[in-house]
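Since the structure comes first, as structure tokens, the remarks are kept for the end.
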Amino acid sequence: MATLREDGAFDNTIGALINLKQTSTVEKYRSQFEVLYEVLSIGILICSTEKFWVSTFLNGLKEEIRIRITMLKPTLLQEAFGFVRLQEEEILREYLGHMQKELKKWTTKKL
């Protein structure tokens, strides 16, 4: 849990939130984000507006997903969570479609 230091700052929890980046799936990133969100939303946080949380969440996403989601302009954190999940699924479908085309080209050339 975050603790308020004598200088008025939270210990490493805000730093962890700011430095949190998506390194694998959206679901894992979202889970890590939600843990930090819960800890910080309980404490006193000056920038606890929905816009702050949406912006912070989007900032940690992989660039290919962040760009697509930013264009959708989510205003609620739950909305951003939904958009991100859908975009990750779309990127996976695009990748699989590309791989199927490449496999088809490769097998056609070998025959």
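The values are calculated or read from the model by the stated rules, or taken from the named source; none is laboratory data. Please read all numbers here as calculations on a predicted model, not as lab measurements. Every residue, glycine as well, gets a Cβ built from its backbone with ideal geometry; the counts of neighbours run over all protein chains shown. Just so you know, the surface numbers come from the protein's heavy atoms only, side chains and all, with ligands and any DNA or RNA stripped out. Shrake-Rupley method; radii C 1.70, N 1.55, O 1.52, S 1.80 Å.
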Would you mind computing Rg(Cα) / (2.2 N^0.38 Å) for region 51-111, counting N as its residues? 1.56
Solvent exposure, largest accessible area first (probe 1.4 Å, DNA, RNA and ligands not counted), of 109, 21: 109, 21
For a 25 Å ceiling on Cα separation, which of these pairs sit above it: 28/51; 21/104; 73/101; 28/101? 21/104; 73/101; 28/101
Give me the distance in nm between label points sitting 7 Å out from Cα along the Cα-to-Cβ direction at residue 78 and residue 92, one decimal. 2.3 nm
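Sum up the charges of everything whose Cβ sits under 11 Å from the Cβ of residue 90, counting Lys and Arg as +1 and Asp and Glu as -1, but leave residue 90 out.
-1
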Spin-label point model (7 Å from Cα, Cβ direction): what's the residue 106 to residue 85 distance in nm? 3.3 nm
Give me the one-decimal nm value for the distance between modelled label points at residue 16 and residue 59, 7 Å along each residue's Cα-to-Cβ direction. 1.7 nm
Round to the nearest 10 and report in Å² the accessible area of residue 31, as given by a 1.4 Å probe over the protein chains' heavy atoms. 60 Å²
